[in-house]
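Enquirer: Below are the structure tokens for one structure; questions will follow.
The values are calculated or read from the model by the stated rules, or taken from the named source; none is laboratory data. Just so we're clear, the structure is a prediction, and the values are computed from it rather than from any experiment. FYI the Cβ positions are ideal-geometry reconstructions off the backbone, even for glycines, and counts take in every protein chain you see.
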Amino acid sequence: MLLKLLKYDFRAMWKQFSLVWGAALALALVNRFTVFRDAASNVTSNSELFMFAFMAVIMAMLVLAVIFVVNRFSKGLLGSEGYLMHTLPVRPWELVASKLICGAVTWIGCGVVAVASVFVMTPINWAELIQFPFWGELFRGIVKHPDAIVLVLEFCLLILSTTVQSIAMIYLALAAGHLFSRHRRLISVAAFIGLYILIFNIYGRVFSVRFIQRLMNIATVNVYGSLLTASAIMLIPAAAFLVVVCWILEHKLNLE
């Protein structure tokens, strides 16, 4: 059933972001042949307008990603759509997991599109880049330093952990606001700010313990251990947040 929920959420995500992602990449390609060409030839054109449009689309994409995560959870599980979603033969954790996975993919997808847009816009000689000698050198470098792949994977895990923690914090703030009958959005914003302050205060107190400091010192000797430690630090409170969210949905849900 989780796969069906994911299919439903990803379909909604694609409807909202396919146009924005395409617009970002298209404007990046336009800027490649306007901004940098005009800068090289000292020709004045409407390149500033295209650059402004590109920056506006990127900012709109990032804002839309946050709004999407908030609305999919708020309306889908705590709002009008909740009457349908909570009648499905699934547990609350499956509903939350579907929203969480879709939200994480959305945020990471927006980040990938933003980075890819910069590469598309930058005047790189792609003909030389795709030549076989380049990839041969890259393969030999990986063979000589195989730990590089592990480092990249652990860095990706750290990004994913940070994303999951941020979304889980948003979900808990929305669920906390749902416990009240009035001013739910205002309470949710206050709850998010409180959680943000609380989590960093907890991190500060935990890392002040000598035993934890020794573990961190051991981990930082090896960059791989350091990345894994940082990922665990992000995922532990995220798991606690999600457990509380599922409990609220199962025992304190009020859709009236």
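Enquirer: So if I check each of ARG210, ARG184, ARG205, ARG214, which one is charged (D, E, K, R), surrounded by 11 or more Cβ atoms within 10 Å (Cβ to Cβ) and modelled with pLDDT under 90?
Expert: ARG184
Enquirer: What residue, of ALA56, ALA39, is aliphatic (A, V, I, L, M), assigned to a helix (DSSP H, G or I) and modelled with pLDDT under 85?
Expert: Going through ALA56, ALA39 in turn, just one is aliphatic (A, V, I, L, M), assigned to a helix (DSSP H, G or I) and modelled with pLDDT under 85: ALA39.
Enquirer: What are the residues in segment 161-194 that are hydroxyl-bearing (Ser, Thr, Tyr) and in a helix (DSSP H, G or I), if any?
Expert: Passing the criteria: SER161, THR162, THR163, SER166, TYR171, SER188.
Enquirer: Does segment 72-82 contain at least one residue that is surrounded by 15 or more Cβ atoms within 10 Å (Cβ to Cβ), modelled with pLDDT under 90, of a type in the set (A, V, I, L, M, F, W, C) and part of a helix (DSSP H, G or I)?
Expert: yes
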